[in-house]
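Inspection log for the structure reproduced underneath, given as structure tokens.
No lab work stands behind these numbers, since they all come straight from the coordinates. A quick note: this is a predicted structure, and the numbers were derived from the prediction, not measured. Heads up, the Cβs are rebuilt from the backbone with ideal geometry, glycines too, and the neighbour counts pull from every protein chain shown.
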Amino acid sequence: MITASLRFGVAGCAVFLVLAAACARGGADTRNDQPAAGDTLSVSGTLVDTRCLVLDPANAGVDHIRPEGRVPDCARACANAGFPVAVLVGGVPDGDVWVLVTAPAIFADYMAAAVRVRGTVRSAGVLVPHRVEHRDGDQWLTIL
């Protein structure tokens, strides 16, 4: 489900392969109404860090529980380090995850924020964003 940004390193590649395999096995939503590659799609949800979300569904916020303990601002650090970010639609534990194909550091300040994204479906669970907005009170502000 995760696609690589230009710089997300070996650990990011491992996360990509694990989630891609889950999608191939049907780990993603397998309804017949799934959008196809090339379709334009709009999704709304929470901006999440894919590196830590795969460790624990509770890691949908900014602070994460990792094997070494609680890590404050972990999602921001992961985005700045180049780990892919995604939109979690529907919440945990059974929400859909749409990985954004773009530079993750752009989103570091918006991790765990409510976002809406419009883009082109690249493959199952992968979205190339054209526009990303975050909710600020009662308005939507453009990030990308």
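Please give the peptides 96-103, 48-55, 110-117, 60-67 ranked by average Cβ packing (other Cβ atoms within 10 Å per residue), highest first, as a rough proxy for protection. Kindly include the intermediate steps, with their values, before the conclusion.
On the way: 96-103: 21.9, 48-55: 23.9, 110-117: 19.9, 60-67: 15.8.
Peptide ranking by packing, descending: 48-55, 96-103, 110-117, 60-67.
Evaluate the Kirkwood expression for the hydrodynamic radius of the range 77-144, namely the inverse of the mean inverse distance over all pairs of different C-alpha atoms, and round to one decimal in Å. Evaluated on the range 77-144, it is 12.3 Å.
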